[in-house]
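What follows draws every value from the coordinates through simple rules; no lab data is involved. Note that this is a predicted model, so its numbers are computed, not measured. Neighbour counts are summed over all protein chains in view; Cβ atoms, including those assigned to glycine, are modelled from backbone coordinates with ideal geometry.
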Amino acid sequence: MHALTLLADAGSVDALSERLAVELDALSVSVEDADAGTPAEQPVFDEPGTAAAPGWRHARVTALFVDETAATAAAAAISASAIGSTDRVESIDAVDDRDWVRLTQSQFGPIEIASGFWIVPTWSPVPPTARQVIRLDPGMAFGTGTHPTTRMCLRWIVQAAARARHPWRSVLDYGCGSGVLAIAAALLGAESVEAVDIDPAAVEATAQNARFNGVSIRAGQADRLAVEPRSLVVANILATPLKLLAPVLAAQLAPAGELVLSGILERQAGELRAAYASWLDLDVTASDDGWILMTGTRTGECRVA
């Protein structure tokens with residue numbers, strides 16, 4: 001694992017962080033005051049009910065990548081972009097696995113997704129108010145409940161299961177990552193759950209996490225997916241692949257089957273509606289920190305334009 005560290009002006013930090021995480025596949029992105037420990041240090045304190053204080057004048061942005069090749073490619077992409085005219089690469093350094101584990105454990109604790117439904121790392125005790133728990137450690141596979149896109153999907157699954165008289169007959173988690181969405185559906189009573197991804201590491205992580213949580217899930221490669229009538233299809237990826245996958249995902253929906261899509265920015269809602277209009281109507285049903293959740297129900301055969 002390698003860390004790419006950049007120095008950035010305050011005005012470009014948000015765009016820089018988003019590009020690193022969304023477009024350049026950083027495993028994590030952290031931001032700190034680049035002037036810390038110097039006379040130019042500028043403490044920032046926000047209190048509830050007050051306007052947010054201005055950010056640091058200069059920031060040190062650190063992004064973790066799978067290997068040196070990925071970190072170097074990201075550095076080249078950032079250097080060639082116009083996000084911030086004064087942003088510059090400070091370093092690319094190898095990160096010891098033990099340091100990564102300690103950092104991870106210090107930053108992640110139990111997360112309550114909905115009332116009584118928690119995601120709890122293996123190193124943390126289960127909260128006394130937890131009625132249902134997924135044991136899941138943050139890792140290289142995306143999807144641990146900490147990102148808004150994952151939280152919205154999980155919350156939708158929990159709330160939909162609570163409203164339903166019967167569990168879903170068949171569920172597909174497309175782009176499963178850690179398998180957390182598939183595991184949640186299985187824990188909440190789905191009869192059959194399949195999880196697929198293009199990344200073999202994600203497929204392996206999903207299978208391991210399912211076994212650890214005591215649920216049965218078929219985990220496999222996305223290119224080997226057979227068409228089956230599904231009661232529920234969830235896909236937490238990004239807008240561009242979701243648009244390209246519209247025929248694939250729609251074909252998996254049984255009549256009255258529900259589609260749940262995440263990884264979509266607010267400004268991309270119209271593009272997704274248009275991409276799926278031949279099969280179903282998509283609505284924005286949740287939003288969190290600039291991201292949205294879009295859902296729809298398959299009502300019949302493919303529509304004629």
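Approximating the spin labels as points 7 Å out from Cα along Cα→Cβ, the Gln159-to-Arg273 distance works out to 2.0 nm.
In order along segment 217-233, the phi-based Karplus estimate (6.51 cos²θ - 1.76 cosθ + 1.60, θ = phi - 60°) of 3J(HN,Hα) comes to 9, 8, 10, x, 6, 4, 6, 10, 5, 8, 7, 9, x, 10, 6, 9, 10 Hz; Gly and Pro are listed as x.
Extending 7 Å from the Cα toward the beta-carbon at both Ala77 and Thr285 defines two label points whose distance is 3.1 nm.
Of all DSSP beta bridges confined to segment 109-297, the antiparallel ones make up roughly 40%. Between the C-alpha center of segment 220-297 and that of segment 117-131 there is a gap of 30 Å.
Give, as a single signed number, the net charge of other residues whose beta carbon lies under 13 Å from the beta carbon of Asp197, with Lys and Arg counted +1 and Asp and Glu -1. Walk me through the numbers on the way to the answer.
Working: positive: Arg218, Arg224; negative: Asp173, Glu194, Asp199, Glu204, Asp223.
Net charge in that neighbourhood comes out at -3.
Ranked by the mean number of other Cβ atoms within 10 Å per residue, highest first, peptides 2-15, 185-198, 244-257 order as 185-198, 2-15, 244-257. With a cut-off of 15 Å between beta carbons, the residues surrounding Thr69 carry a summed charge of -4, where Lys and Arg count +1 and Asp and Glu -1.
If packing is taken as the mean number of other Cβ atoms within 10 Å per residue, what is the order of 67-77, 17-27, highest first? Can you show the working numbers first?
Working: 67-77: 16.1, 17-27: 17.6.
Highest mean packing first, the order is 17-27, 67-77.
The 3J(HN,Hα) values that the Karplus relation (6.51, -1.76, 1.60; θ = phi - 60°) gives for segment 252-262 are, in residue order, 7, 8, 6, x, 6, x, 9, 10, 10, 10, 9 Hz. Gly and Pro appear as x. Across segment 175-211, the residues whose backbone nitrogen lies under 15 Å from the label position 7 Å along the beta-carbon direction of Arg224 are 194-208.
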